[in-house]
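First the structure, in the form of structure tokens, and then the observations on it.
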Amino acid sequence: MQTRKDGNVQGIDVSRYQGKIDWLQVKANKREFVFIKATEGQTYTDPNLVANVKGALSAGLLVGTYHFLRATSAAAAKAEAVHYAKSLEEIGGAKALQLPPVMDYENNPDGISKAQINIVAKAFLTELERLTGIKPIIYTGNSFAANFDTSLSGYDLWIARYSNTRVPDDQPAWKTWTIWQYSDSGKVPGIAGNVDLNEFNGSLSDLKKRYGREKDMSNPFEGYRLTSPFGMRKHPVSGINKFHRGVDLVVSPADGPIYAFVAGEVIHAKLGVSGSGFGNYGVTVAIKDDKGHLHVYAHLSAAGVKVGQQVKRGQLIGKQGSTGISSGAHLHYEVRKAYTPQFGYTATEAGVVEPTQYLINYYGQTPVKEDKPVTQERDINVVSPWAAETWAEVTANGYYDGTRPGAMITREESGIVTNRLRKNILKLIAGTNGDIKSIDERLKMIELDSK
Ligand SMILES: [Zn+2]
């Protein structure tokens, strides 16, 4: 495999054995990323997990976690993935961190076969990705790596070989390392005793680009199935044609984790009651972003945050459910223009925006299909409440025939209306002095002048 390289970003990995860490000192000494021990087997959680994650994040390191695998069967591997994912919920879920979760698979005390090792690894990785929504990476040793077959080549390799000069060996599954743990006896200011040293195959910005959650907003709802778009639709429960104020998204399993699409302050996190602006919404988490828009996550089975709490983008905020009026487990997500009064609720669609476009704009990226502007779907035969009065007047006055109030107008249609208006005005003025022809000539001069 490749050698180490000047300019490659440096990091560490830690567990409870490093004790209390001065993270600001670690960061000041150019250790830009850290993998923190989270769990082991089906029940063990590192007692320093939460403190380490909080400390490292607040010092500005890029943070990931790892799980030490002990399973010898696919079923046990799945149970370990569940335990790992569950422990991560304590720190806001895997998506609250910048680096992916890690399967640390490095020994075989029970002597299972190579084939079985790959079955166990695959079971753990697949289940972990399903639970966290993030593709994990594999940590292993230089010798143990030879057990993994090419079906695992698609996972990034973090490999241990304690040498500055002897590079990790080429393996059936990998010819390059993504991260190299090149020492288990490093000294880093801020940490008492030895610590593992790691190098990423690239610069800090390469590392952010490879795993950063900030990268791609072309589909803000990646990982979800969009089952009902924003706009006019037949309501799935009532059957009535009605404006859908948000989007319906589905994750599996039915009580799967729901993460914040945008950072902000939690201003509602419980069952919505009638008249609150969240009636029929079931258990609802509402988060106010820095632009004063309110992000509404409805029909949850449980809220995982509290009012007043600041949440990060990607942080776990609750679990999918079907509380309130809902045709099945899904997330109804809507973005309101205001958060007060009644949590920004309006009877018409005037108070909401199209969520996909809002997120794309919010993160400052252009949509993939630039030539196709996102338009609000509406029923063209229904007049908007704000226009109803005027529409009734122009219809009564004969300028429009009263059909298709919401349709786009063509140039010929607007021409007919304008010309009718012009003729009527001429008649009106002529009625007072009797000479339509000369007034028409004078109006033509005025119209020519104003071109
Ligand atoms: Zn909905």
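The values are calculated or read from the model by the stated rules, or taken from the named source; none is laboratory data. These numbers come from a predicted model, not from an experiment. Backbone-built Cβ (ideal geometry, glycine too); neighbour counts: all protein chains shown.
Odds and ends about this structure:
- Pairs are defined by a Cβ separation below 8 Å, a sequence spacing of at least 6 or placement on different chains, a first member in segment 183-198 that is at positive phi, and a second member that is among the β-branched types (Val, Ile, Thr); the pairs so defined are GLY190/ILE21; GLY190/VAL26.
- Any pair with Cβ under 8 angstrom, 6 or more apart, that starts in segment 329-353 at a residue that is of a type in the set (Phe, Trp, Tyr) and ends at one that is within 16 Å of the ligand (Cβ to nearest atom) and part of a loop (DSSP other than H, G, I, E, B): TYR333/GLY246; TYR333/PHE261; PHE343/GLY277; PHE343/PHE278; TYR345/GLY277; TYR345/PHE278
- Conditions (1) touching a residue at least 60 places away in the same chain (Cβ under 8 Å); (2) under 17 Å from the mean Cα position of the chain (by Cα); (3) in a strand (DSSP E or B); (4) away from the ligand (no atom under 14 Å from the Cβ); number of the one not met by ASP248: (4)
- The residue pairs whose first member lies in segment 284-306 and is in contact (Cβ under 8 Å) with a residue 60 or more places away in the chain and under 22 Å from LYS337 (Cα atoms), whose second member is hydroxyl-bearing (Ser, Thr, Tyr) and within 16 Å of the ligand (Cβ to nearest atom), and whose beta carbons are closer than 9 Å, counting only pairs six or more residues apart or on different chains, are HIS293/TYR358.
- Long-range neighbours under 7 Å by Cβ, at least six apart or interchain, first residue in contact (Cβ under 8 Å) with a residue 60 or more places away in the chain within segment 154-171, second among the polar types (S, T, N, Q) and surrounded by fewer than 14 Cβ atoms within 10 Å (Cβ to Cβ): VAL167/GLN2; VAL167/THR3
- Residue-level check: of (1) within 16 Å of the ligand (Cβ to nearest atom); (2) touching a residue at least 24 places away in the same chain (Cβ under 8 Å); (3) part of a strand (DSSP E or B), LYS242 misses just (2).
- Of all residues making up segment 267-283, the number that are surrounded by fewer than 21 Cβ atoms within 10 Å (Cβ to Cβ), of a type outside the set (Gly, Ala, Ser) and in contact (Cβ under 8 Å) with a residue 12 or more places away in the chain: 4
- Condition check for LYS187: at pLDDT 95 or above and charged (D, E, K, R): yes
- Residue in segment 232-239 that is within 15 Å of the ligand (Cβ to nearest atom), of a type in the set (S, T, N, Q), at negative phi and part of a loop (DSSP other than H, G, I, E, B) present: yes
- Scanning segment 154-180 for residues that are among the polar types (S, T, N, Q) and at pLDDT 95 or above yields a total of 3.
- Lone qualifier among LYS291, LYS306 - being over 21 Å from VAL353 (Cα atoms), over 15 Å from the mean Cα position of the chain (by Cα) and either more than 15 Å from the ligand (Cβ to nearest atom) or at pLDDT 95 or above (or both): LYS306
- Here is the figure for segment 319-347: residues that are within 12 Å of the ligand (Cβ to nearest atom), over 28 Å from GLU90 (Cα atoms) and in contact with a His (Cβ under 8 Å, 6 or more places away or on another chain) total 1.
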